[in-house]
Amino acid sequence: MPTFDIKIPKTGESVTECTITVIHAKVGDLVQEDDELFEVTSAKTAASVPSPVAGKVVQINYTEGETVPVGQVLLVIDTAAGATAEPAAAPTAAASPAPAVSAQPSASPVVEQTLTKGSIERWYSPVVLELAKKAKVSQDELDKISGTGFGGRVSKADITRYIEQQKGAPAPQPRAAQPAAAAAAPARPAVSAPAVSVGPEDKVIPMDPIRRIIADRMVQSVQVAPHVTSFIKVDITNLVKWREAHKDEFKQREGVALTYMTPFIEAVAKALKDFPRINAAVDGYNIIERKHIHVGMAVALPDGNLVVPVVRDADKLSRSGIAEQVSLLAAKSRQGKLSPDEMAGSTFTISNYGASHTLFGTPIINQPEVAILGIGAIEKEPSILETEAGDVIAIRHKIYLSLSFDHRIIDGMLGGAFLHAIAQHLEDWKQD
């Protein structure tokens, strides 16, 4: 029989293995092209894998929860069975309102709607469309569901969760499913967590794949690296005045907004060139200083999750080039359109918690990096300035920066010097 192998995908340039979180198919199932077969996770990435062919699942080599090297065969599909199955499935896929009326005359006013696969930006698999149709989910409702699949796609789990929450499914079912989901999730590092009791009126929300990855990575980071955090107050009045004077002209000339993230990435890239030990990783008792400077920027998503797109070779980009990358990656992050490669390979990360009006923070290092910069909120405050005529009090724009670093290879002196170098770049800001 002609068969087709479905392999574990490569979800990033440095990814060598993935963990299988969900397998939607079982041996004997008939699948159509684009049906979702399984979901995998890797560092900071979750992907839903559709079937490239139609046929019958004849073999499944791994189970949910297993971590498998990239390129290994997970499912085998008999494509000859697909030739038999497709004619039967075709009327359903191409169903018009008329046949639906004859099949369910009493429900025609509600069911008679056309659910489309959507555009490239908002694509729905046949499985999702079928579940939505059966549950009488309108196209408008479907378009508003936040997807957790790769690229922001609405997965089978997303539509099922929406139906359970919005269409009156019994509440106990998600709670009963939680132990199974936890068992299928990747094994967490050995830590002792307190027992948690759940009250009858409490709401149990299973973590989606992205949130599970974040949780595991944060626990791993604080266990692997001894964190130390240093703070510095920076006078960025020159930078604020420069941005206010040039942001409109910059937007008109470059076509992108001039946000504060652009000068911060520029300052970080310059400082990393002077302090290569900060642009590094730890492998056992070896220190690996990275040749390239790839700056990750943490972006909060509308669903409460977090992604870290990467500005590659930031030290080689012009100010306009950095601004363009920041704008593009931020937009793609919030639209769920980031590719795995755009979230992989960072050598240093910036977390802008000042966007939520926070002054101080102690961010957790994004492994396998060895440091992360936190940016606080900008505030005006009176300051004493030394002038030729004597000391004067002036209103200045100040900001707190925090640097969390891995004390295994970075001591306080080095961490403080690096943080001070960033501050100097920002305080002495000049237009290039």
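The values are calculated or read from the model by the stated rules, or taken from the named source; none is laboratory data. Since the model is a prediction, treat every value here as computed from it, not as a measurement. FYI the Cβ positions are ideal-geometry reconstructions off the backbone, even for glycines, and counts take in every protein chain you see.
Descriptive notes on the structure:
- Residue that is nearest to the chain's Cα centre (by Cα) [pool: residues in segment 307-319 that are surrounded by 16 or more Cβ atoms within 10 Å (Cβ to Cβ) and in a helix (DSSP H, G or I)]: A314
Results for (1) acidic (D, E); (2) over 18 Å from V222 (Cα atoms); (3) touching a helix residue (DSSP H, G or I) at 6+ places or on another chain (Cβ under 6 Å), shown as yes or no for each residue.
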site: G390; (1), (2), (3): no, yes, no
site: L403; (1), (2), (3): no, no, yes
site: I409; (1), (2), (3): no, no, no
site: A417; (1), (2), (3): no, yes, no
site: A421; (1), (2), (3): no, yes, yes
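- Restricting attention to segment 284-297 and to residues that are part of a strand (DSSP E or B) and touching a residue at least 40 places away in the same chain (Cβ under 8 Å), the residue that is farthest from A330 (Cα to Cα) turns out to be I287.
- Of the candidates I399, I372, the single residue that is in a strand (DSSP E or B) and touching a Gly at 6+ places or on another chain (Cβ under 6 Å) is I399.
- Filtering D248, D283 for residues that are out of contact with any Ser or Thr (no Cβ under 6 Å at 6 or more places or on another chain) and over 30 Å from S383 (Cα atoms) leaves a single hit, D283.
- Test result for S402, at pLDDT below 95 and of a type in the set (S, T, Y): no
- A Cβ distance below 8 Å, combined with a sequence gap of six or more or placement on separate chains, defines the contacts here; from segment 247-276, residues that are assigned by TED's automatic domain parsing to the domain that holds V311 and outside any loop (DSSP other than H, G, I, E, B) reach residues that are hydroxyl-bearing (S, T, Y) and surrounded by 18 or more Cβ atoms within 10 Å (Cβ to Cβ) in the pairs L272/T347.
- The single residue among S346, S339 that is out of contact with any Cys (no Cβ under 7 Å at 6 or more places or on another chain) and within 25 Å of A280 (Cβ to Cβ) turns out to be S346.
- All of (1) among the acidic types (D, E); (2) in a strand (DSSP E or B); (3) out of contact with any strand residue (DSSP E or B) (no Cβ under 9 Å at 6 or more places or on another chain) hold for E324 with one exception: (2).
- Of all residues in segment 203-225, those satisfying the criterion of being closer than 26 Å to V22 by Cα and assigned to a loop (DSSP other than H, G, I, E, B) are K203, V204, I205, P206, M207, D208.
- Restricting attention to segment 226-242, the residues that are in a helix (DSSP H, G or I) and within 22 Å of L419 (Cβ to Cβ) add up to 5.
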